[in-house]
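Below: the structure, in structure tokens.
The values are calculated or read from the model by the stated rules, or taken from the named source; none is laboratory data. Given the structure is predicted, the values throughout are model-derived calculations rather than measurements. For neighbour counting, all protein chains shown are included, and Cβ atoms are generated from backbone atoms with ideal geometry for every residue, glycine included. Ligands, DNA and RNA are stripped out before the accessible areas are found, and what is left, the full protein with its side chains, is counted by its heavy atoms. Shrake-Rupley method; radii C 1.70, N 1.55, O 1.52, S 1.80 Å.
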Amino acid sequence: MMEKMFEVQDPVNHDTQTLQVNIGPQHPSTHGVFRMNVVLDGETVVSLKPVMGYLHRNHEQIAENISYTASMPYTDRLDYFNSMSNNFAWALAVEKLANLDVPERAQYIRVIMAELTRLVNHVSVIGFLLNDLGAFFTPVLYAFREREKILDIFEEVSGARMMCNFLRFGGIKRDLPAGTLERIKEVIQNFPKFLDEFETLLTKNEILCMRCQNVGVLPAELAVNASITGPMLRASGVNYDVRKADKYSIYDRFDFKIPLGQTGDVYDRYYCRVLEMRESLKILQQALRDIPVTGEIISKKMAPFVKAPRNFKPPVGEAYGRVEAPKGELGFYVVSDGTPQPWRYHVRAPSLINLTILEDLCIGHKVADAIVILGSIDIVLGEVDH
Amino acid sequence: MAFSKNQSEVDEGLKGELAKKGVVVTTINQLYNWGRQSSIWPMQFGLACCAIEMIATACARYDIARFGAELFRPSPRQSDLMIVAGTVTKKMAPQVVRLYNQMAEPKYVITMGACSIAGGPFIDGYNVLRGIDRYIPIDVHLPGCPPRPEALLYGLMELQKKIQSQEIETTEWYQKGMKREYPVPDFGPHGLVPKFNPEVWQPRELDHRKDKYGEPILIGRKTKAPDLDAPLATPPVAQPPKPQTA
Amino acid sequence: MNLQEIQSKIEAALPGIRLKPVRESLLIEDAAMLPKVAAFLKNDPVLALDYLSSVTGADYLKYLESVYHLYSVEKKTGPVVLRVRVTRDSPRIPSLVPIYRGAEFQEREAFDMYGLYFENHPDLRRIFMWEGFEGFPMRKDYEQEDSEILETADIEWLDRHGAKVPEGMRKKAADLKAQGKRAVAEKTGKSIE
């Protein structure tokens, strides 16, 4: 009798209906104002269509109407966790366009800031990922405690916690205040302790492993084909890092490894980020050791434009500058027409392009896993929608 | 003080004496407001950059729990306060108004950051709403880009002051026929329809920004496209070799 | 491998193709040839440009343009920049999604902002703006609304929802309608910078 009750009768033509669920734009687990149109069969995802644009702030239109330097604070607001990396990419693009060189000390400061940004981003992302897994807010408390320490450095250096607006074409805005390097060293010294603590709580945690392993597996071939970049690509086992491939700025001087994943699931993405933080710490240590004590901070070519940035007119031409931002490859494509405003300004936003394969990853998983997969892609809506 | 009428008329000295004996004298308004102001439940609702500072405010260092407002509710039905943290785009504005309508009375709104007040740095865009106060009434405007967590706490304290000054007899949500739901704008072919709700907001007669800077939309002003096909006048100068590390 | 070598390589493999170097890029004069060139570059064992980094739409007044930055993940080289130009009247470009999945959202973005119509794209919809939005806001001739002046559609909507509208605004909207104009933001202001 009991056996008969639970017998599955013709699973294909089972008399069930699919259910369309709309997640977002106001939803605690969509990391802002992202929206997913999900079709569910029971709890299994059948189709998932991302809908974005709820934070489309016409970044490109504004940048085409203002001077080159005035775009710098706008780039802060693209990926608002990592203002320094965004500045870096935009500065690189314009330096290529106008053929500028960057003094030694400024290069080091740029790299230090970019790597600190990576720490901030990865640590917050892991916090939010755990939030999505159901560990509500406790990991975020840990993560933000460390984030605040680094934000203090940013504030000391640039005057702002989040929107640093610190880099300039051919250099940086101003030199580091006295004692900042010591404080950075202190933060870096204490960071591994925090990472160990974080990892003790998480890395071998059974719940984390069960929820994340073999969920949202991204094959390497698809990852390259779909232009996925950043930790997500490397978690799939593809050895590609713009820092190594382009050797922009002074990244060729540092000795660091690129952590690679094996399966490309959510767990690998999590663990890749942890390892990347450890590598970033290595770069930071080397940079702090080698940084020249004094020196120019802005290129001589750009000195006249420090006080009058609107007079800066790069020659007619085009350039594409890209960096390894914490979320992936952040690129800026800029076309100059010889006036103070760029003719065309385009952002190659890693968050947006990494979302391409969201549907592929989620199909066949439960709806709760879809949330975790989205968390592991690591999107920031300012950058998705630019 | 703005909220003195809510204080009881009993002499302060006598009150102190009574308090020593374990008797508390207060007014119903004061008690009512004390309860409300110390347990504001904000909505867990982040739009953009400011939302990160809002999360930072909720975290250990700034600890919004000291002000009784740590319980971020994901559902508008359970929340008292909407912190509009970030740029409201035209695509998002209808949802924000809808969320406001779904909140239960008494409800308050803090606009956090320049964007939600007036569009902020993105004011000139085709998809950015120039301030959410075009559709819903705002209690506290909080400038900054983004405001620091301390500023959000200050804004919350200002809101507490406002709550303290309210009286049961005159509060809006106990009045008959009080309209606190605002129509949700529609998507039009060029922007939102309507552009603003004149019952809530009207353009200022004197627009200083316009006087000073003019309308700063430059799209279409440039009439000559750069000619990338033209051969370069001089061959591009090779970048000087980077100095080696010491 | 420099640009010239790549150009001659493509010309040898795809006879009849017309390529023109523009600065650091290759202009494919016949837009319909784009997928063939891309497929060749991707499958060529020496170049192996397997990664499409960026797709950019642009408006050059006389024509619209789409720029592609290709890199090689395998060889860690790049970029090879391709560009195609189309007229404003028929901005049709074959989509690269069948070859590079990564073009999907970027082509949708270029469609949304510039009205570049990518043929064979699996899901060509507006990505940032809503369905029903008219015009392509990043084109240089786009006319942006003046958000301070109400128009007739707004007044009708407000009347329908029972909101009070001041007489002055009503009059202004009626005037605009009589002139057959939209309330458009001025374009001739000083720049903000």
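Using a cutoff of 8 angstrom between alpha carbon atoms and counting only pairs six or more residues apart, the relative contact order for chain C works out to 14 percent.
Cβ-Cβ distance of B:Glu12 and B:Trp34, R₀ of 22 Å, FRET efficiency by 1/(1 + (r/R0)^6): the value works out to about 0.80.
Nearest 5 is fine: what % of DSSP beta bridges in region C:3-119 come out antiparallel, could you say? Once the DSSP bridges in region C:3-119 are tallied, antiparallel ones form about 75 percent. Between 0 and 90 degrees, the angle of helix A:367-377 with respect to the longest Cα principal axis of chain A falls at about 20 degrees. Listed by chain and number, the aspartates and glutamates whose C-alpha is less than 17 Å from the C-alpha of C:Lys181, apart from same-chain residues fewer than 8 away, are C:Glu134, C:Asp141, C:Glu143, C:Glu145, C:Asp146, C:Glu148, C:Glu151, C:Asp154, C:Glu156. In summary, the lysines within cross-link reach of A:Lys193, defined as a Cα separation below 29 angstrom excluding same-chain residues under 8 places away, comprise A:Lys149, A:Lys185, A:Lys204, A:Lys244, A:Lys257, A:Lys282, A:Lys327.
Helix A:104-133 and the longest principal axis of the Cα set of chain A meet at an angle near 20°. Just for the protein assembly as shown, what percent of DSSP beta bridges are antiparallel, to the closest 5? DSSP beta bridges in the protein assembly as shown are roughly 75 percent antiparallel.
By the helix-only formula, in which each DSSP H run with n ≥ 4 contributes -39500 (n - 2.57) and the sum is divided by residues, the protein assembly as shown has a 222 nm mean residue ellipticity of -11000 deg cm²/dmol. With each label modelled as a point 7 angstrom along the Cα→C-beta vector, the C:Lys62-A:Arg174 pair spans 4.8 nm. Working from Cα pairs under 8 Å separated by at least six residues, relative contact order for chain B is 17 percent. Averaged over peptide A:63-71, the number of partner chain Cβ atoms lying within 10 Å of each residue's Cβ comes to 4.
With each label modelled as a point 7 angstrom along the Cα→C-beta vector, the A:Val306-C:Lys164 pair spans 5.8 nm. Each Lys and Arg Cβ is given +1 and each Asp and Glu Cβ -1; about its Cα centre, the protein assembly as shown then shows a dipole of about 1740 debye.
In straight-distance terms, cross-link reach from A:Lys301 covers every one of the aspartates and glutamates whose alpha-carbon lies under 12 Å from its own, apart from those fewer than eight places away in the same chain; here that gives A:Glu95, A:Asp101. Pairs of Lys residues in region C:3-119 are counted when their Cα atoms are under 22 angstrom apart and they lie 8 or more places apart or on different chains; the count is 11. Residues B:Trp34, B:Trp201, B:Trp41, C:Trp157, sorted by accessible area with the largest first, give B:Trp34, B:Trp41, B:Trp201, C:Trp157 [1.4 Å probe; ligands and nucleic acids excluded]. Whole-Hz Karplus values for region C:80-95 come out as 10, 9, 10, 9, 10, 10, 9, 6, 5, 6, 10, x, 10, 10, x, 6 Hz, taken residue by residue from phi with 6.51 cos²θ - 1.76 cosθ + 1.60 and θ = phi - 60°; glycine and proline positions read x. Sorted on the mean count of surrounding Cβ atoms within 10 Å across their residues, most packed first, peptides C:76-89, C:42-55, C:2-15, A:315-328 read A:315-328, C:42-55, C:76-89, C:2-15.
Antiparallel beta bridges, as assigned by DSSP with both residues in region B:40-174, represent about 10 percent of the total such bridges. Across region C:65-102, the residues whose backbone nitrogen lies under 20 Å from the label position 7 Å along the beta-carbon direction of C:Tyr117 are C:65-67, C:84-98.
Taking every pair of alpha-carbon atoms in the protein assembly as shown, give the share separated by more than 55 Å as a whole percent. In whole percent, the share of Cα-Cα pairs in the protein assembly as shown beyond 55 Å is 12. Amide H contacts of A:Val215 (H built 1.01 Å from N, in plane; Pro and chain starts excluded): A:Val266, A:Tyr267 sit under 5 Å, all sequence-distant by 5 or more or on other chains. Between the helical axis of A:180-202 and the longest alpha-carbon principal axis of chain A there is an angle of about 10 degrees. Between A:Glu329, A:Glu296, A:Glu182, the GNM of chain A built on Cα springs shorter than 10 angstrom shows A:Glu182 fluctuating the most. Structural descriptor for region A:104-258: relative contact order 17 percent, calculated from alpha carbon pairs under 8 angstrom and at least 6 residues apart.
Stretched out straight at 0.36 nm per residue, the stretch from A:Lys282 to A:Asp255 would grow longer than its current Cα-Cα span by 8.9 nm. Here the Karplus relation 6.51 cos²θ - 1.76 cosθ + 1.60, evaluated at θ = phi - 60°, turns the backbone of region B:121-126 into coupling constants of x, 9, 4, 7, x, 7 Hz, with x for every Gly and Pro.
Comparing C:His161, C:Gln179, C:Gln144 along the charge dipole axis of region C:144-193, the residue lying farthest to the positive side is C:Gln179, per the Cβ-charge model. In this view, the solvent-accessible surface of A:Met210, computed with a 1.4 Å probe and all protein chains in place, comes to about 150 Å². Largest GNM mean-square fluctuation across B:Arg204, B:Arg134, B:Arg66, computed for chain B with C-alpha springs under 10 Å, falls on B:Arg204.
For B:Val23 and B:Arg66, a Förster radius of 25 Å and the Cβ-Cβ distance give a FRET efficiency of 0.30, rounded to the nearest 0.05.
The charge dipole of chain B, taken about its Cα centre with unit charges on the Cβ of Lys, Arg, Asp and Glu (plus for the first two, minus for the last two), comes to roughly 460 debye. Candidates A:Gly230, C:Gly102, A:Ile62 compared by Cα position along the dipole of the protein assembly as shown: farthest toward the positive end lies A:Ile62, with charges placed on Cβ. Backbone amide hydrogens, once placed in the peptide plane, bring B:Leu81 within less than 5 Å of B:Trp41, B:Met43, B:Tyr108, excluding anything fewer than 5 places away on its chain. Structure remark: mean-square fluctuation, Gaussian network model of chain C, C-alpha springs under 10 Å; the largest value among C:Met138, C:Met169, C:Met33 belongs to C:Met169. Annotation: amide H of A:Leu40 within the under-5 Å range of A:Leu19, A:Gln20, A:Val21, A:Val46, sequence separation 5 or more or interchain, hydrogens built in the peptide plane. Legend: P(r) of region C:3-119 from all alpha carbon pair distances, 5 Å bins from 0, whole percents, reading 2, 12, 24, 26, 20, 11, 4, 1. Across peptide A:321-327, the average count of Cβ atoms from other chains found within 10 Å of a residue's Cβ is 1. The modelled label-to-label distance for the pair C:Arg18/C:Arg125, using points 7 Å beyond Cα in the direction of Cβ, is 3.8 nm. Along region B:127-136 the Karplus relation, 6.51 cos²θ - 1.76 cosθ + 1.60 evaluated at θ = phi - 60°, assigns HN-Hα couplings of 10, 10, 6, 7, x, 6, 5, 6, 10, 10 Hz to successive residues, with x for each Gly and Pro. Counting, for every residue in C:160-169, the Cβ atoms of other protein chains within 10 Å of its Cβ and taking the mean gives 4.
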